[in-house]
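A short write-up of the structure that comes next.
Please treat every number below as a calculation from the coordinates, not as lab data. As the structure is a prediction and not an experimental result, all values here were calculated from the model. Don't worry about glycine lacking a Cβ; one is built from the backbone with ideal geometry, like all the others, and counts go over all protein chains shown.
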Amino acid sequence: MKKTYVLDTNVLLYSPGAIFTFDNSNIVIPEVVLEELDNFKKVNSDLGMNARNVARILDKLRLKGKLSQGVDLDNNSNLRVVSAFYNTKIPESWSIEKADNRIIQVCKALIEQGEDVCLITKDIFERIKADTVDIQTKDYYEEEVPTMEDQYMGRRDVYASSLDIDMFFKNKSIEVDVLTEYNKKLGTYNKPDLVINEFLIIHANNNERQTALGRYDGKRVVPLLYKNNTKIMGISPRNVGQKFMLECLSIDADKAPLVIIKGPAGTAKTLFSLAVGLKKILDSEDKEYRRILVCRPNVTMDEDIGHLPGTEQDKIAPFMRPIFDNLEILIDSNDGGKYSNEKELNDKIEELFEKKIITTEAVGFLRGRSIVKNWIVIDEAQNLTPKQVKAIVTRAGEGSKIILIGDPEQIDQAFLDLRSNGLCYASEKMKGSPLCYQVSLLYDECERSKLAFEGAKRL
């Protein structure tokens, strides 16, 4: 007997193509789902676009037969749209006016008809409610990456002899064959399976105080080029993670056009991204980059930005406040903390925007563009979908450098989680590309303040 999958509205809003991903199955769309999709069709956002895509898919399938009776798909599955089963009993306390309850009612009715039903929904509460009436449920992922603990970090600890480390400093390289990695589960030392551009902390086997930092270039491990830069716009790296981050950011766009930085709050991801970009623009004689372009997605921005008063920059400004906070730190630090007057400091920052050294845009406005010789910072990238990340990365023209930064633990987008957000998706898919450098910062590398560090550890 074929499995019957009932698709919730949020699944189709997340991925219209979900209809075609269940092979050799019965796909059911309750009529209430169509009603909910209809409410989204005029929304000027990705949700609205996906609702319209579902409508077009169903309209095309409708030409093959009656959806109420079932239409065969190319993957040996059958799709049908079912009406409500109002006579099917659900708990009396559940309002039939609520869409989630009507969807569960459909599932229950199909089970009573002898079908093997599974409700596919991204709504955790709906999965819990369905479980209380013995309905099988599953989440849905369009693009799923490994669990957080198995995701690529862009860094690892390895071991070598003291002699090999001494030769590393002397020869400016070390062969992979002399390195080992400790497997905590097995309690054994094994040969590491390195990824190109992966960063390494090399520990001496017989001297815990002797270490070296390096990067695997695809053939051997080479030293970092920029870890000894003491001041970048008045700031310098304070820990290993920040040294790795500085390396990612400092390498020219022709070698490292994409940088992915993951890490908790307070690890200076945004600060360093802006600092290196400003230094390259303000201090560079060859004008490597035209400007810094900052995009900071917000779960409500694309939908609500048009309702805000003022120009495009005025509309975006409230969402960009964290960027201004970081600029205040950089400008004041670079000028030796001379701005005791807040107005003077603010005027200096405003000057950067007036001269178009820094510009800000909503993520949705990048669609269809070709951006040349820009330093592009995508802050809070964990709130992007995989499709949005793809759209952003493919906008980069010659000479542009894209920096995706974010904290996978702070996802605000309803349909995203640690395994489906765009930041982690990009990290996994771009792993092994010679054009991508990435690093994950750790909780103990929080440098914002003593309180921020303590909070990162405890909360």
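Using a cut-off of 9 Å between beta-carbons, work out the net charge of the residues near Val71 (Lys and Arg +1, Asp and Glu -1, Val71 not included).
On the way: positive: Arg62, Lys64, Lys66, Arg80; negative: Asp72.
Local net charge: +3.
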In degrees, nearest 10, the alpha-carbon axis of helix 46-62 is tilted away from the dominant principal axis of the alpha carbons of the chain by 40
State the label only: which of (1) 24.1; (2) 22.6; (3) 25.0 corresponds to Kirkwood radius over Cα pairs in Å computed from the shown model? (3)
Note: Glu97 to Leu163 extended length (0.36 nm per residue) minus current alpha-carbon separation gives 16.4 nm
Compute the long axis of helix 342-354 from its Cα atoms, compare it with the longest principal axis of the Cα atoms of the chain, and write down the angle in degrees, 0 to 90, nearest 10. 70
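Looking at this model, which pairs from Lys172/Lys287; Lys3/Lys108; Lys390/Lys431; Lys262/Lys431; Lys89/Lys138; Lys243/Lys348 are more than 19 angstrom apart at the alpha-carbon? Display every interim value, and only then the final one.
Values: Lys172/Lys287 30 Å; Lys3/Lys108 14 Å; Lys390/Lys431 15 Å; Lys262/Lys431 14 Å; Lys89/Lys138 22 Å; Lys243/Lys348 28 Å.
Table pairs above 19 Å Cα-Cα are Lys172/Lys287; Lys89/Lys138; Lys243/Lys348.
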Mind running the shape call on region 3-138? Use the C-alpha gyration tensor, a ≥ b ≥ c as the square roots of the eigenvalues: rounded below 1.5 for a/c, prolate if a/b tops b/c, oblate otherwise. oblate
Could you tell me how many degrees, from 0 to 90 and to the nearest 10, lie between the Cα long axis of helix 269-282 and the main elongation axis, the longest principal axis, of the Cα atoms of the chain? 60
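Filter the trypsin sites (Lys or Arg not before Pro) in region 189-241 to those in DSSP coil with at most 10 other Cβ atoms within 10 Å of their Cβ, and list the result. Provide the component values of the computation, followed by the final result.
On the way: sites: Arg209, Arg215, Lys219, Arg220, Lys227, Lys231, Arg238; in loops: Lys219, Arg220, Lys227, Lys231, Arg238.
Filter output for region 189-241: Lys219.
Please report, in debye to the nearest 20, how large the charge dipole of region 108-215 is about its Cα centre when each Lys and Arg carries +1 at its beta carbon and each Asp and Glu carries -1 there. Present the calculation step by step, with values, prior to reporting the outcome.
On the way: 14 positive and 22 negative charges, 143 e Å.
With only Lys, Arg, Asp and Glu charged at Cβ, the dipole is about 680 debye.
Ranking request for peptides 342-354, 83-95: highest mean number of other beta-carbon atoms within 10 Å first, then the rest in descending order.
Details: 342-354: 13.5, 83-95: 11.8.
Per-residue mean Cβ counts within 10 Å order the peptides as 342-354, 83-95.
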Proximal aspartates and glutamates to Lys185, defined as alpha-carbon separation beneath 17 angstrom and excluding residues fewer than eight positions away on the same chain: Glu149, Asp150, Asp157, Asp193
